[in-house]
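Before any comments, here is the structure.
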Amino acid sequence: MTHLPDAIGLRHARFHSPARLRIACLVPSITETLFALGLGDRVVARTGFCIHPEEGVREVLKVGGTKDVNVAKLIATEPTHVIVNIDENRKDTVDHLRRVIPNVIVTHPLLPEENATLFALLGHVFSAEDAALGLARELAAALANARNVGATRAAETVLYLIWKNPWMTVSRDTYVSAMLATVGWKTLPMQAEKRYPEIAADDSVWRNADRVFLSTEPYLFDDGHIAALRDDLHLQQPIELIDGEMTSWYGVRAIAGLKYLADLRRRHEQLSAPSRAVQGLIA
């Protein structure tokens with residue numbers, strides 16, 4: 001019998017009783033992916049942050065948040081499988097679930113291409129190989145397109161902000177940084193001790209970045225924060241909001257996310273073209 005490994009190396013076999021399959025998913029992007037694989041009717045529990053697809057998840061029981069799971073409520077749904085994530089769920093919660101749930105699948109993609117492995121794992125365990133292969137093909141096309149955009153444009157450094165008070169960003173070993181890198185956006189700082197480092201107001205990274213992005217999640221930045229950065233730190237480079245779901249959600253959302261980033265990079269180039277033309281006329 002074939003067994004495929006999850007993110008911690010635990011190997012999972014195909015579940016041979018589809019009628020008994022009951023999945024509790026504690027990872028928003030994977031809940032969305034399960035529906036994309038045609039497994040929505042098998043999802044019996046989710047977190048309050050599992051909001052996509054909106055119509056599909058509406059009838060699925062919520063069992064708390066990603067960090068504060070109501071374990072008793074989850075167990076009451078009698079799941080055959082629970083899907084968790086290294087970054088998003090607490091280890092003590094996962095350890096508890098492992099003692100009482102037959103199958104706990106751990107996920108932790110760090111590169112956009114690793115979504116293909118995720119699709120294969122879910123497709124194998126839940127007998128959805130054809131749908132998984134279709135998603136993998138879409139991912140490969142989106143990756144090729146994004147990388148072509150990155151390869152044909154000059155690289156830019158970006159500061160990608162995820163939190164305020166304190167200001168926080170992402171290190172280069174995160175999934176978000178890898179997604180941005182596909183289109184030639186290199187996150188700062190270049191090196192960091194933590195995966196999500198804090199940034200002091202006097203840190204040189206503010207002015208070294210060619211561009212500043214304010215993510216819409218986990219902190220909900222808005223236009224007011226852009227104005228505040230201009231006023232408080234006197235930043236001169238472009239500052240804009242960026243869709244956090246498109247950069248940080250993996251699984252099926254990575255396909256749309258790669259297309260989103262490629263289009264965003266192209267749009268920036270188009271917006272800068274008139275100014276370059278004016279400069280040429282002046283010269």
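Quick look at the values:
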| quantity | calculated |
| --- | --- |
| Sorted largest first, extent of region 91-139 alpha carbons per principal axis (Å) | 36, 25, 9 |
| Heavy-atom accessible area per residue - the chain, 1.4 Å, Å² | 49 |
| P(r) weight above 23 Å for region 133-283, C-alpha pairs, percent | 38 |
| The chain - convex hull of alpha carbons, volume per residue in Å³ | 147 |
| For the chain, calculated [θ]222 nm from helices alone, where every DSSP H run of n ≥ 4 adds -39500 (n - 2.57) | -13000 deg cm²/dmol |
| Beta bridges by DSSP in the chain, antiparallel share as percent, to the nearest 5 | 25 |
| 24 Å Cα-Cα threshold exceeded, pairs from LYS164/LYS194; LYS62/LYS164; LYS67/LYS259; LYS164/LYS186; LYS91/LYS186; LYS91/LYS164 | LYS62/LYS164; LYS67/LYS259; LYS91/LYS186; LYS91/LYS164 |
| Total formal charge among the other residues, if their Cβ is under 15 angstrom from that of ALA151, Lys/Arg +1 and Asp/Glu -1 | +3 |
| Nearest-20 debye value, the chain charge dipole, Cβ charges on Lys, Arg, Asp, Glu | 560 |
| Within a Gaussian network of the chain (alpha carbon springs, distance under 10 Å), most fluctuating of VAL100, VAL43, VAL183 | VAL100 |
| Ranked by how many other beta carbons lie within 10 Å on average, peptides 216-228, 110-122 from highest | 110-122, 216-228 |
| GNM result for the chain, Cα springs below 10 Å: residue of ALA140, ALA132, ALA72 fluctuating most strongly | ALA72 |
| Cβ-based charge dipole, region 1-67, positive-most Cα from PRO28, ALA45, ILE8 | ILE8 |
| Cβ-defined net charge surrounding HIS268, 12 Å radius [Lys, Arg +1; Asp, Glu -1] | 0 |
| Net +/- balance of residues flanking THR216 in space, Cβ distance below 14 Å, scoring K and R +1, D and E -1 | -4 |
| Which of THR80, HIS96, ALA228, positive extreme of dipole for the chain (C-beta unit charges) | THR80 |
| Degrees, to the nearest 10: 115-125 long Cα axis against longest axis of the chain | 10 |
| Cα gyration tensor shape for region 1-128, rounded if a/c is under 1.5, else prolate or oblate | rounded |
| GNM top mover of MET179, MET246, MET190 - the chain, alpha-carbon springs below 10 Å | MET190 |
| Accessible-area composition of the chain, carbon plus sulfur, in percent [1.4 Å probe] | 54 |
| ³J(HN,Hα) computed for each position of region 46-63 - Karplus, 6.51 cos²θ - 1.76 cosθ + 1.60, integer Hz, glycine/proline x | 8, 8, x, 8, 7, 10, 10, x, 4, 5, x, 8, 3, 8, 8, 4, 8, 10 |
| Dipole of the chain, positive end: most advanced residue of ASN208, ALA192, TYR250 [Cβ charges, Cα centre] | TYR250 |
| Size of electric dipole in region 68-175: Cβ of Lys, Arg +1 and of Asp, Glu -1, about Cα centre, debye, nearest 20 | 240 |
| In order through region 173-179: 3J(HN,Hα) via Karplus (6.51 cos²θ - 1.76 cosθ + 1.60), integer Hz, x for Gly, Pro | 9, 9, 4, 4, 4, 5, 4 |
| On Cα atoms only, tilt of 129-151 relative to the major axis of the chain in degrees | 10 |
| Lys, Arg +1 and Asp, Glu -1 on Cβ, resulting dipole of region 1-82 about Cα centre, debye, nearest 20 | 260 |
| Amide proton proximity set for TYR160, modelled H, under 5 Å, gap of 5+ | VAL170, LEU188, PHE213 |
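The values are calculated or read from the model by the stated rules, or taken from the named source; none is laboratory data. Quick caveat: nothing in here was measured; it's all calculated off a predicted structure. In this analysis, Cβ positions are derived from the backbone assuming ideal geometry, glycine residues included, and neighbour counts consider all displayed protein chains. Ligands, DNA and RNA are stripped out before the accessible areas are found, and what is left, the full protein with its side chains, is counted by its heavy atoms. Shrake-Rupley method; radii C 1.70, N 1.55, O 1.52, S 1.80 Å.
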